[in-house]
Amino acid sequence: MKYKDEYRDATAARNLSGAIRKSVSKPWTIMEICGGQTHAIMKYGLEDLLPEEITLVHGPGCPVCVTPLEMIDKAIAIAKRNDVIFTSYGDMLRVPGSDEDLLSVKANGGDVRMVYSPMDAVTIAEENPDKKVVFFGVGFETTAPGNGMTVAQAHKRGLTNFSLLCSHVLVPPAIEAILSMEGTQVQGFLAAGHVCTVMGYEEYLPLAEKFKVPIIVTGFEPVDILHGIYLCVQQLEAGRFEVENQYSRVVRKEGNPAAKALLADVFDVVDRKWRGIGRIPESGFGISEKYAAYDAERIFDVGDIKVNEPEVCIAGAVLQGLRKPEECAAFGKECTPEHPLGAPMVSSEGACAAYFHYGK
Amino acid sequence: MSDKPDIDLSGGFACPIPKSEYDKVLLAHGGGGTLSSQLIQKMFLPQFDNPMLNLEHDGAVFETGGARLAFSTDSYVVQPIFFPGGDIGELAVNGTVNDLAMCGAKPLYLSVGFIIEEGLPLDDLWRIVLSMKTAADKAGVQIVTGDTKVVDRGKGDKIFINTSGVGVIEEGVNSSPKNCRPGDKILLSGRIAEHGVTIMSAREGLEFESAVQSDSAPLNKMVEEMLAVSKNIRVLRDPTRGGVSSALNEIASAAGMGMLIDETKIPITETVRAACDILGLDPLYIANEGKLLAVVPAEDAEAVLAVMRKNEFGRHAAMIGEVLEENSGRVVMKTSIGSKRVVDMLSGEQLPRIC
């Protein structure tokens, strides 16, 4: 992992910071899409290194944050069943549903297990043939191949007790939604490097063209992000709007063909509701007909879910980049990482949690 | 945290249960972070209220018969019970030895309480007992009293161990955050996060390129050597649960002073750093079982650091920062890229993130 040091290097960061200062002649608003980048910006105090002309707004790229409340409530309802072992990545466990979170289900005796790899959930299903094992498949294009692999593998191994509760979302439709919104201030984007590792960046070309915004495919280390901002500022100042690949050490234009083939097999593109934003057409993955037998939503009838979103929470505006976390009346008061009102306070990738932890 | 009053009097005149955001105990209440701290602040301190407890040190310090004694207790519930670099028995001895050492005491006697789940192989218990004996010998303490309980299968998790201990504090030694002064140096005895990453890897079957081992170790000899060089050591703390960040925040907050630490000075191995990167965890919040933090007057810092580095458990000791008058209660870190950010207490459990 030594290779990372050069992307966390103080001299390189200072040089880029100087170069950005030199090239800026007027204010620009740039959105980093990915929560991992938001986290790095806060963790490394990158805003400290930027001239005041540059405003960074934090996009909806935190999978935990945009998973709709209905889906969380569904997960909770399924996890409460005695015949179910509910498995999930760690940070989904504390996301508040309408009444409780998955950790509370666990504290009340539900069999809720945190896994590090989605394939662990398939193994749990193999080891517990008398239980129904559900994996909460959440995330963007980055995690979709891994989560999709569970379904393909469960099918291959002939498992009948495994299913995926699928709430996958896609980045390009979110960019399109944000740019189509009235009052949007975003003039340039840092696209999420890891999403593009899977998908490539061809699908961003028409977006840059249609909305006349530069889109920079950017990595996650502090020097990557500063470099992405630098490239974006260069384009903005020159009036260019192209897709540029800052993260070329990892991302290829065509992405990862094997992963894309798996996605095409296991998933269909569907409309999805985004927490805090609303329904975006063709913005997510749902499990394809071929694998319907592995779709937790079709297997478990959890009845009508009535959701109850806290009124004070401005997560929606934060996720759209319209407001900053500290502008929320509940920030750091009623809403803290121990007791989050909205999802952005849960995951370390959520803008609110990043602001809270790193003392903004 | 909340604007609501801490105590809800609507239940009448009986002692009401203090208001909390959860009505059940969650794992995070034992995680050493903010929820643990809320239990202590809202339930334990107000009811058990006394000057020794209220200091919230690793152990209580009191005088009797002309001697100053330190008294401390800790329970061990680690899973798995055997892990690379140690086991629950060694951890139980070293943990209490270290808690006493952090009071500036020379640990003398330990008690041990076993809570054993029916069905534990006697071979496993024997391994644990032998390992406790070895650890006690190494630390120079004796296990002088004990208790054993067995619970039904399924009512425990193999074995839980409680140890308590007493130690004696030499004249002139006083380890307390209140002693901190602006300009004091912050010393850290070695590479961080090894115990926590080892346990997580062992528990989840994660494998990294090079093996990670728990750093479980008795620190009392090193503390003795440090105190021999400077009796003015302000405060000692072992950054166990909640890691270096939580320990520094506790000291800063109790001292009413700020701290500035330098990320590039914090010792950590490449493997542990990489493991934390992969899992999305911050090593500053991960548990250590054989490390200490010391706040030392600037003029004594080099000498204390030198004796730490000569000790087998302090070879990688480093000066990581200093105490400031400003930013009372806050720990600020100069990051590896030269910017500054606040390092906060751990909130809840650290949960590995999705991507």
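Assorted remarks:
- With eigenvalues of the C-alpha gyration tensor scaled by 5 and rooted, segment A:154-281, Å: 30, 19, 12
- Accessible area per residue for segment B:50-169 is 48 Å², calculated with a 1.4 Å probe on protein heavy atoms, without ligands, DNA or RNA.
- Computed accessible area, residue B:344, all protein chains, 1.4 angstrom probe, square angstrom: 40
- Once the chain from residue A:98 to residue A:238 is taken as fully extended at 0.36 nm per residue, the excess over their C-alpha distance is 45.6 nm.
- In a DSSP loop and with at most 10 other Cβ atoms within 10 Å, the GluC sites (Glu not before Pro) in segment A:34-122 are A:52.
- Prolate/oblate/rounded call for segment A:69-133, Cα gyration tensor, a/c under 1.5 rounded: prolate
- Between the beta carbons of residue B:151 and residue A:254, assuming R0 = 45 Å, the FRET efficiency works out to 0.15 to the nearest 0.05.
- Accessible surface of chain A [probe 1.4 Å, protein heavy atoms]: carbon and sulfur percent: 49
- On association of chains B and A, roughly 3800 Å² of accessible area becomes buried (total for both chains; probe 1.4 Å).
- For the peptide B:329-339, the mean number of other protein chain Cβ atoms found within 10 angstrom of a residue's Cβ is 6.
- Counting heavy atoms of the protein chains alone, residue A:327 has an accessible area of about 100 Å² for a 1.4 Å probe.
- Both radii come from the Cα set of chain A: Rg as radius of gyration, Rh as Kirkwood radius; their ratio Rg/Rh reads 0.97.
- Considering only the protein assembly as shown, percent of DSSP beta bridges that pair antiparallel, nearest 5: 55
- Summary of the geometry: segment B:129-206 and segment A:92-120, compared by the centres of their Cα atoms, lie 30 Å apart.
- Positive-end ranking of B:141, B:129, B:51 along the dipole of segment B:50-169, with charges on Cβ about the Cα centre, is headed by B:141.
- Projected over all directions and averaged, the alpha-carbon convex hull of segment B:177-343 occupies 9.2 nm².
- Reduction of at least 50 Å² in accessible surface, 1.4 Å probe, comparing all protein chains with the chain by itself, residues of segment A:86-114: A:91, A:94
- 22 Å Cα-Cα threshold exceeded, pairs from B:138/B:265; B:221/B:310; B:106/B:231; A:106/B:155; A:253/A:324: B:138/B:265; A:253/A:324
- Kirkwood hydrodynamic radius computed over the protein assembly as shown comes to 27.1 Å, based on all pairs of distinct alpha carbons.
- Candidate residues A:162, A:211, B:48: accessible-area rank, largest first, probe 1.4 Å: B:48, A:211, A:162
- On Cα atoms only, tilt of A:10-23 relative to the major axis of chain A in degrees: 60
- Largest to smallest in accessible area, the residues A:28, B:126 fall in the order B:126, A:28 (1.4 Å probe, all protein chains included).
- Under DSSP loop assignment and at most 15 Cβ neighbours within 10 Å, longest GluC sites (Glu not before Pro)-free interval of chain B: B:210-311
- Crossing angle, helix A:144-156 versus chain A [Cα axis fit, 0-90 degrees, rounded to tens]: 30
- Protein-only accessible surface order, largest first, of B:269, A:218 at 1.4 Å: B:269, A:218
- Treating each Cα of chain B as one equal point scatterer and applying the Debye formula with no solvent, the log10 of I(q)/I(0) at q = 0.08, 0.10, 0.11 Å⁻¹ comes out as -0.39, -0.63, -0.77.
- As a ratio to 2.2 N^0.38 Å, the alpha-carbon radius of gyration computed for segment B:50-169 takes the value 1.11.
- The local environment of residue B:142, defined by Cβ-Cβ distances under 15 Å, has a net charge of +2 under the rule Lys, Arg +1 and Asp, Glu -1.
- Measuring only protein heavy atoms, the 1.4 Å probe finds residue B:49 accessible over about 100 Å².
- Rounded percent of accessible protein surface that carbon and sulfur make up, segment B:50-169, 1.4 Å probe: 58
- Size descriptor for segment B:51-116, Kirkwood hydrodynamic radius: 13.2 Å (Cα pairs only, one decimal).
- Accessible surface of segment B:177-343 [probe 1.4 Å, protein heavy atoms]: carbon and sulfur percent: 45
- Cross-link pairs exceeding 28 Å in C-alpha to C-alpha distance, out of A:4/A:212; B:133/B:178; A:260/A:290; A:43/A:80; B:42/B:149, comprise A:4/A:212; B:133/B:178; A:43/A:80; B:42/B:149.
- Simple point charges give the picture: +1 on the Cβ of Lys and Arg, -1 on the Cβ of Asp and Glu, and for chain B a dipole about the Cα centre of about 300 debye.
- Centroid-to-centroid separation of segment B:249-309 and segment A:295-360 [C-alpha atoms, Å]: 32
The values are calculated or read from the model by the stated rules, or taken from the named source; none is laboratory data. Fair warning: this is a prediction, and the values are worked out from it, not measured in the lab. All Cβ positions, glycine included, derive from the backbone under ideal geometry; neighbour counts span all protein chains shown. These area figures cover heavy atoms from the full protein model, side chains too; ligands, DNA and RNA do not enter into them. Shrake-Rupley method; radii C 1.70, N 1.55, O 1.52, S 1.80 Å.
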